[in-house]
Amino acid sequence: MSVNISAYQQLVKQLSDSSIALVAVSKIKPVSDIKALYDLGQRDFGENYVQELVDKQSQLPGDIRWHFIGHLQSNKVKYIAPFVHLIHGVDSINLLKEINKQALKNDRVIDCLLQVHVAKEETKFGLDEGELHDVMMEVPALKNVQVKGLMGMASFSDDETLVRNEFRQLRKLFGQLDQPEILNLKPEILSMGMSGDYKMAIEEGSTMVRVGSLLFGARV
Ligand SMILES: *Cc1c(COP(=O)(O)O)cnc(C)c1O
């Protein structure tokens with residue numbers, strides 16, 4: 001087993017001081033690794049692949065809160081709609097509409113984060129500012145989704161200034177989301193920060209970090 005228990009305990013301690021949520025990113029890692037952190041009290045886990053998530057969910061305790069953090073294809077929403085806790089990577093109106101449709105079928109409301117593209121040098125999924133605005137226009141009509149905030153990834157770079165500025169950009173957009181007249185918009189979550197940059201993300205206002213390799217070891 002490659003789970004780094006002491007790194008986990010340190011991280012939980014750091015985060016609890018500032019009440020920042022931890023999503024333990026368990027993609028590609030075995031169910032036994034998830035169970036090891038579960039036994040220490042971890043309940044939020046993040047996965048990137050639909051089939052893998054569905055398989056793991058069926059084998060693990062029912063009180064785990066499953067976060068879908070990968071790129072979600074519309075035709076696969078139906079598989080996770082019955083149980084998913086939070087979908088982080090919503091990057092199109094069509095996807096949000098499909099989530100709404102599947103949530104309705106399952107007689108529930110699904111919490112979502114809109115993914116914003118801020119990284120400079122990589123092609124990553126996400127909405128630009130204009131597209132974010134367009135998606136927000138559709139939200140009031142989609143009553144079986146609740147938009148809880150934004151998710152983003154900074155550039156994978158040693159350039160601290162660049163990464164910091166990208167987190168700042170996300171924080172700024174997050175701060176502009178609030179529109180109390182939209183009942184299914186509750187901007188409480190800013191999901192940013194991974195193993196390599198979570199400290200800086202927290203300094204820049206993250207409320208939820210998604211940490212994988214620091215806890216579970218490198219992925220091959
Ligand atoms: C894999 C992944 C993470 C975790 O990355 P680590 O560097 O292993 O902490 C976080 N967020 C997303 C969207 C991911 O795909």
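So which residues in the range 204-218 are within 11 Å of the ligand (Cβ to nearest atom) and either crowded, with 19+ Cβ neighbours inside 10 Å or farther than 21 Å from Gly89 by Cα (or both)? Spell out how you get there, then give the answer.
Step one: filter the range 204-218 for residues within 11 Å of the ligand (Cβ to nearest atom), giving 208-218.
If the condition is that a residue be within 11 Å of the ligand (Cβ to nearest atom) and either crowded, with 19+ Cβ neighbours inside 10 Å or farther than 21 Å from Gly89 by Cα (or both), then Met208, Val209, Arg210, Val211, Gly212, Leu214, Leu215, Phe216, Gly217, Ala218 are the ones that fit.
Screening the candidates Asn165, Asn144 for the property of being away from the ligand (no atom under 16 Å from the Cβ), over 28 Å from Val77 (Cβ atoms) and either among the charged types (D, E, K, R) or more than 15 Å from the chain's Cα centre (by Cα) (or both) yields one hit, Asn165.
When you scan the range 157-168, do you find a residue that is of a type in the set (Phe, Trp, Tyr) and in contact with a helix residue (DSSP H, G or I) (Cβ under 9 Å, 6 or more places away or on another chain), even just one?
Yes, there is a match, as at least one residue in the range 157-168 is of a type in the set (Phe, Trp, Tyr) and in contact with a helix residue (DSSP H, G or I) (Cβ under 9 Å, 6 or more places away or on another chain).
Among the conditions (1) surrounded by fewer than 16 Cβ atoms within 10 Å (Cβ to Cβ); (2) of a type outside the set (A, V, I, L, M); (3) within 15 Å of Ala201 (Cα to Cα); (4) within 18 Å of the chain's Cα centre (by Cα), Ser155 misses just one, which is (1).
If I ask for residues that are open to solvent by 30 Å² or more (accessible area, probe 1.4 Å), within 16 Å of the ligand (Cβ to nearest atom), part of a helix (DSSP H, G or I) and closer than 26 Å to Glu203 by Cβ, which ones from the range 5-55 would you list? Passing the criteria: Gln10, Val12, Gln14. Among the criteria (1) farther than 30 Å from Asn106 by Cα; (2) open to solvent by less than 30 Å² (accessible area, probe 1.4 Å), the one Leu132 does not fulfil is (1).
The values are calculated or read from the model by the stated rules, or taken from the named source; none is laboratory data. Being a predicted model, the structure only gives us computed values, none of them experimental. Here Cβ is always computed from backbone atoms with ideal geometry, including for glycine, and neighbour counts include all displayed protein chains. Ligands, DNA and RNA are excluded from the accessible area calculation, which covers all protein heavy atoms including side chains. Shrake-Rupley method; radii C 1.70, N 1.55, O 1.52, S 1.80 Å.
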